[in-house]
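The values are calculated or read from the model by the stated rules, or taken from the named source; none is laboratory data. Note that the structure is predicted; figures quoted are calculated from it, not measured. Methodologically, a virtual Cβ is constructed for each residue, glycine included, from the backbone with ideal geometry; neighbour enumeration extends over all protein chains shown.
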Amino acid sequence: MERKSEKTSSFVPVLEEKDLKECAMKLVRVEDSPVLLIKKSDKIFAIDNRCPHMGCCFSGGTLDGLVIVCPCHEWRFNLRTGEYEDEPSIKLTKYEWKIKAGKIWVKLEE
Ligand code: FES
């Protein structure tokens, strides 16, 4: 069975699915981009590890439900929408992903 966030063709395998535990974050690199994988409430999110505010690493932040809190200035981003809670026009970058052959695959923006 294959689960996808969206249909597309050129994904890169980044991590064994079993290595991403519930409520955990895992930093991987896809080409030159730092991608943070998050599993929360049995959902997977793949986001750019760099905060859109001043570029701090989300990997040092915390999860509050389906919100990731940046460690530098505590901006809160909704993982589903990518939106900053106080100003929804500011969004983190989300990546498409899928699971195939037991691995998580991520597709970067082209
Ligand atoms: S760098 Fe993330 S909130 Fe400022």
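Go over the candidates CYS70, CYS51 one by one and state the one that is touching a helix residue (DSSP H, G or I) at 6+ places or on another chain (Cβ under 8 Å) and free of Cβ contacts under 8 Å to residues at least 24 places away in the same chain. Give the derivation first.
Numbers: CYS51 fails: free of Cβ contacts under 8 Å to residues at least 24 places away in the same chain.
It is CYS70.
Under 9 Å between Cβ atoms, at least 6 apart or on separate chains: pull out the pairs that start in segment 85-96 with a residue that is assigned to a strand (DSSP E or B) and end on any residue that is hydroxyl-bearing (Ser, Thr, Tyr) and at pLDDT below 95.
Here the result reads LYS94/SER5; GLU96/SER5; GLU96/THR8, each pair linking segment 85-96 to a residue that is hydroxyl-bearing (Ser, Thr, Tyr) and at pLDDT below 95.
In this structure, does SER33 turn out to be touching a strand residue (DSSP E or B) at 6+ places or on another chain (Cβ under 7 Å), surrounded by fewer than 16 Cβ atoms within 10 Å (Cβ to Cβ), polar (S, T, N, Q) and touching a residue at least 24 places away in the same chain (Cβ under 8 Å)?
Numbers: touching a strand residue (DSSP E or B) at 6+ places or on another chain (Cβ under 7 Å): yes; surrounded by fewer than 16 Cβ atoms within 10 Å (Cβ to Cβ): yes; polar (S, T, N, Q): yes; touching a residue at least 24 places away in the same chain (Cβ under 8 Å): yes.
For SER33, the condition - touching a strand residue (DSSP E or B) at 6+ places or on another chain (Cβ under 7 Å), surrounded by fewer than 16 Cβ atoms within 10 Å (Cβ to Cβ), polar (S, T, N, Q) and touching a residue at least 24 places away in the same chain (Cβ under 8 Å) - is met.
Regarding segment 42-51, can at least one residue be identified that is in a loop (DSSP other than H, G, I, E, B), loosely packed, with under 15 Cβ neighbours inside 10 Å and at pLDDT 95 or above?
Keep residues of segment 42-51 that are in a loop (DSSP other than H, G, I, E, B), which gives 42, 49, 51.
So of that shortlist, the ones also loosely packed, with under 15 Cβ neighbours inside 10 Å come out as 42.
Remaining after also requiring at pLDDT 95 or above: none.
For segment 42-51, residues in a loop (DSSP other than H, G, I, E, B), loosely packed, with under 15 Cβ neighbours inside 10 Å and at pLDDT 95 or above: absent.
Give segment 42-90 a look and list any residue that's closer than 20 Å to VAL30 by Cα and either within 13 Å of the ligand (Cβ to nearest atom) or touching an Asp or Glu at 6+ places or on another chain (Cβ under 6 Å) (or both), or say none.
Once the filter is applied, which keeps residues that are closer than 20 Å to VAL30 by Cα and either within 13 Å of the ligand (Cβ to nearest atom) or touching an Asp or Glu at 6+ places or on another chain (Cβ under 6 Å) (or both), segment 42-90 yields ILE47, ASP48, ASN49, ARG50, CYS51, PRO52, GLY55, CYS56, CYS57, PHE58, SER59, GLY60.
Restricting to segment 64-78, give me the number of residues that are in contact with a Lys or Arg (Cβ under 7 Å, 6 or more places away or on another chain) and not in a strand (DSSP E or B).
Summing the residues that are in contact with a Lys or Arg (Cβ under 7 Å, 6 or more places away or on another chain) and not in a strand (DSSP E or B) in segment 64-78 gives 1.
Considering only segment 7-28, state which residues are within 13 Å of LYS98 (Cα to Cα), at pLDDT 95 or above and surrounded by fewer than 13 Cβ atoms within 10 Å (Cβ to Cβ).
Result: GLU16, single match.
Quick check, is VAL30 more than 14 Å from the ligand (Cβ to nearest atom) and of a type in the set (Val, Ile, Thr)? Step through it out loud before you land on a result.
Details: more than 14 Å from the ligand (Cβ to nearest atom): yes; of a type in the set (Val, Ile, Thr): yes.
Spelling it out, VAL30 is indeed more than 14 Å from the ligand (Cβ to nearest atom) and of a type in the set (Val, Ile, Thr).
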